[in-house]
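Take a look at the structure set out below.
Taken together, the values in this text are just the output of simple stated rules run on the coordinates, not laboratory data. Quantities reported herein were computed from a predicted structural model and do not represent experimental measurements. Heads up, the Cβs are rebuilt from the backbone with ideal geometry, glycines too, and the neighbour counts pull from every protein chain shown.
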Amino acid sequence: MTPPDPWHATTELLAHYAGGRLDPAAAWSVEQHVTACRECRTLVAAPDRDEGMVDTGRLDAIWAEVEATVDAPALGPVERVLLWAGVPDHVARLLAATPALTVPWLAAVAVVLGGTAAIVRLDDIGPLLFLTVAPLVPLAGVALAFGRWSDPAHEVALASPVRSGQLLLVRAAAVTGTSFVLAAVAALLLPGYGWMAAAWVLPALAVTAMLLALSTWWSPAASASAVGSAWIGCVLVVETSASTSFASFGAEGQVLAAALGAVATGVMLSRRDTLDGTA
Amino acid sequence: MGTMLSDEEALRAIADGDRTALAVLYDRHAPWLVVRLSRRCDDAGLVDETVQDTFVRVWRKAHTWRGEGDVGAWLWGIAIRRLIDGLRRRRPIPVKDVGAGRRDAVTAAEDEVLRGIEYGQLGPALDRLAPELRAVMQACVLDGLSTREASTLLGVPAGTVKSRMHRARAQLRQELA
């Protein structure tokens with residue numbers, strides 16, 4: 001039985017439907033019909049939108065949001081991976097804007113560490129060079145991660161409701177993490193040094209902690225220069241004066257690094273409020 | 001809205017990155033989507049968010065439309081699933097007691113709807129269903145949702161959706177026999 005002419009909803013019926021005053025069966029019929037019928041959809045929208053069944057202001061507000069989202073720049077690969085891993089979107093955006101996490105930085109680190117690990121095979125002093133350079137990687141990364149001269153989002157970060165000290169810590173954790181992964185991969189290239197290939201881990205943590213502690217007084221860049229120079233100086237002095245080679249990475253050195261790292265972490269945590277000012 | 005673009009053409013244009021076409025599609029479809037979603041969710045903010053999500057998704061996924069069936073039905077399929085996603089993120093929320101509307105002054109309107117459609121006894125039989133059974137029928141039959149999706153939308157366990165669906169079917173079968 002086909003209906004004599006195509007059925008269409010009346011304005012009144014649609015108004016009842018929009019107002020939630022229809023019986024379920026009737027409402028369902030209207031819904032099925034409106035989904036497929038252009039004319040009746042137009043009635044709900046109302047051509048000039050002055051007499052539409054949905055408030056024009058509301059529709060315009062939703063549209064504004066749609067436009068804003070559509071216009072937003074596409075997420076970069078770093079941000080997408082972070083979101084996929086369950087990182088909240090505002091943290092993901094801040095991390096993705098961390099200059100040190102960007103591709104050129106990662107590439108530079110890979111080249112430096114890979115090159116150092118390669119030199120190791122040629123030269124007796126190579127392993128020492130690698131162990132000395134590896135802790136400097138997270139150090140430089142953290143300093144770069146929050147500098148007004150290297151961060152395109154610096155002004156935004158200053159104005160954001162996230163405290164800049166907290167931001168520094170979040171970024172520091174991310175940079176340290178990625179640097180450690182890269183350094184660990186490079187360490188695998190060290191031939192036959194056993195646990196010695198991992199001897200840079202505690203010093204790296206220690207210098208990073210000291211950088212953060214010093215940053216409560218100085219700028220991250222100045223702190224990084226100071227800590228980095230001190231580290232290189234220590235290694236040079238110890239290695240030239242000690243009777244055995246790799247003395248700075250032996251048991252005493254590791255204990256000292258752990259102790260310094262712990263003290264520095266304590267200082268940094270007790271003074272973390274001042275990070276907001278220097279960053 | 002002087003454009004003569006059909007919905008299908010608009011979708012193809014959107015797939016090619018045409019923002020004007022998205023605006024055309026929005027003007028045509030956003031109003032009824034707002035109304036229909038509002039009948040399933042009392043939270044106006046969430047409805048707005050869902051409509052917004054839907055059109056953002058249309059913008060990004062227009063190329064996945066296979067060109068079969070009605071654009072309106074395709075849009076609704078996206079919208080109801082965005083709503084369910086939104087509900088998942090936002091529990092607990094007020095769930096609409098579907099079909100609990102007033103029954104006066106609609107008899108004429110209902111006759112109008114049923115004219116030419118072979119409903120027979122179905123309309124009155126549906127009206128006699130308990131509201132919670134009707135809600136399940138609406139989600140599973142009309143909106144074409146899975147048991148799990150319906151369970152999120154209505155805020156009841158999946159087992160309850162199944163048993164209510166079973167009861168609704170049994171009651172209808174009895175009444176229509």
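A few points about this structure:
- FRET efficiency, B:ARG148 to A:ALA262 (Cβ-Cβ, R0 51 Å, nearest 0.05): 0.55
- B:ARG128-B:ARG89 FRET efficiency (beta carbon distance; Förster radius 45 Å; 0.05 resolution): 0.80
- Across region B:140-155, coupling constants 3J(HN,Hα) worked out from phi with the 6.51/-1.76/1.60 Karplus curve, θ = phi - 60°, read 7, 8, 6, 8, x, 8, 6, 4, 5, 5, 4, 5, 5, 4, 8, x Hz, and Gly and Pro carry x.
- The stretch between A:ARG271 and A:VAL81, if pulled fully straight at 0.36 nm per residue, gains 65.1 nm over its current Cα-Cα span.
- Here the 3J(HN,Hα) profile of region B:40-57, calculated from phi with Karplus coefficients 6.51, -1.76 and 1.60 at θ = phi - 60°, is 10, 8, 6, 8, 4, x, 5, 4, 4, 4, 5, 4, 4, 4, 4, 6, 5, 5 Hz, Gly and Pro shown as x.
- The 3J(HN,Hα) values that the Karplus relation (6.51, -1.76, 1.60; θ = phi - 60°) gives for region A:57-68 are, in residue order, x, 5, 4, 5, 5, 5, 4, 4, 5, 4, 4, 4 Hz. Gly and Pro appear as x.
- Peptide A:62-72 shows a mean partner chain C-beta count of 6 within 10 Å per residue C-beta.
- Using 0.36 nm per residue and subtracting the Cα-Cα separation, the extra length available between A:ASP55 and A:GLN254 on full extension is 64.7 nm.
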